[in-house]
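One structure below.
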Amino acid sequence: MRKPIIGANWKMNLSCDEAGQLYTKMSALSELESTVDLVVFPPQPYLALLSKMNGVAIGAQNAYAPDMFGAFTGETSLMQLKDLHVNSVLVGHSERRLHFGEDTDFLVAKANTALSLGIQVFFCCGESDEIRSNGTAITFVENQLEPLLHQLNQAHCPLLVIAYEPIWAIGTGKVPSLEEIEEMHAAIRALCSRYFDQASSDAIRIVYGGSCNATNAKSIFQLPNVDGGLVGGASLQFDSFKEIIDSI
């Protein structure tokens, strides 16, 4: 059985004090460590602060790859993240793809560099409303994932988390039906099994994101191929986020 995992993506929200207070509360949920993995993705400026607080695992919302150091103004390298004991990173989020023009080659290089350094990767994928409507969502998501899976070292499968986030559901309150979520997750699982042996494929966790909240989390997390969630807005309020964790 794969251990469930939940990522809290705070995006570009919270003040420094608010981030510290919320992180402290989340870190007090240590009794859940035996049943669920929890990773907090705070705004980049707060990584150093939170890494010194010795709480739950911390991930970075972004990183530059494959260069470890160099003249890349405003960027943060994966090696610098490791210096801060940051052991997870988001790659391929739709906001990075859409607003910052990160293409497939760059995302795959970023993911593989992170994995080679022992950094867990949450690799995001998902379709637009238009693609969902025309019936090609599964093919679209497979095309997003195949370049990564084709190059992925099988030994790195346990460090890979695939986050399915339909673009049209992120922050909108709209959520696919349970049947649609399970269909997509099952398709992703089947795709992984075409590239790796059974044990390695089974080690890859597939989580759902996109307006995941305290109301719908339990029913989503009970689906056979859903191994947790990547939570955005609902992770900014401790009480609602705890409800999501409790629903695992």
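Read-outs throughout are calculated quantities, based only on the coordinates presented, and are distinct from any laboratory measurement. These numbers were taken from a predicted model, which means no experiment stands behind them. Methodologically, a virtual Cβ is constructed for each residue, glycine included, from the backbone with ideal geometry; neighbour enumeration extends over all protein chains shown.
Look at Ala217 and say whether it is free of Cβ contacts under 8 Å to residues at least 12 places away in the same chain and of a type in the set (A, V, I, L, M). When the stated conditions are applied, Ala217 does not pass them.
If you go through the stretch 12-48 and keep only what is part of a loop (DSSP other than H, G, I, E, B) and more than 20 Å from Ile248 (Cα to Cα), you end up with Met12, Asn13, Leu14, Ser15, Pro42, Pro43. Summed over the stretch 93-147, the residues that are in a loop (DSSP other than H, G, I, E, B), buried (at least 21 other Cβ atoms within 10 Å of the Cβ) and of a type outside the set (Gly, Ala, Ser) give a count of 3. With respect to the conditions (1) among the basic types (Lys, Arg); (2) under 30 Å from Thr24 (Cβ atoms); (3) surrounded by fewer than 18 Cβ atoms within 10 Å (Cβ to Cβ), Lys174 falls short on a single one, namely (2).
Considering the stretch 221-233, and only residues there that are within 19 Å of Val141 (Cβ to Cβ) and more than 16 Å from the chain's Cα centre (by Cα), the residue that is surrounded by the fewest Cβ atoms within 10 Å (Cβ to Cβ) turns out to be Pro224.
Checking each residue in the stretch 67-88 for being part of a helix (DSSP H, G or I) and not charged (D, E, K, R) picks out Leu78, Met79, Gln80, Leu81. Just give me the residues in the stretch 61-78 being in contact (Cβ under 8 Å) with a residue 24 or more places away in the chain, more than 10 Å from Thr113 (Cα to Cα) and of a type outside the set (S, T, N, Q), in sequence order. Within the stretch 61-78, just Ala63 meets the criteria.
Pick out the one residue from Glu33, Glu18 that is surrounded by fewer than 22 Cβ atoms within 10 Å (Cβ to Cβ) and within 19 Å of Ala234 (Cβ to Cβ). The conditions single out Glu18. The set of residues in the stretch 154-174 that are within 20 Å of Asp227 (Cα to Cα) and part of a loop (DSSP other than H, G, I, E, B) comprises Glu165, Pro166, Ile170.
Of all residues being of a type outside the set (Val, Ile, Thr) and crowded, with 17+ Cβ neighbours inside 10 Å in the stretch 177-190, which is farthest from Glu127 (Cα to Cα)? Just the residue, please. Here the answer is Arg189. Taken residue by residue, the stretch 191-207 has at least one member that is surrounded by 15 or more Cβ atoms within 10 Å (Cβ to Cβ), touching a helix residue (DSSP H, G or I) at 6+ places or on another chain (Cβ under 6 Å) and in contact (Cβ under 8 Å) with a residue 60 or more places away in the chain.
Do any residues in the stretch 234-247 that are at negative phi have Cβ atoms under 7 Å from those of residues that are aromatic (Phe, Trp, Tyr), where the two are at least six apart or on different chains, and which pairs are they? From residues that are at negative phi, the pairs are Ala234/Phe241; Ser235/Trp10; Ser235/Phe241; Leu236/Trp10; Ser247/Phe221. Note on the stretch 1-11: residues that are in a loop (DSSP other than H, G, I, E, B) and closer than 14 Å to Gly232 by Cβ amount to 2.
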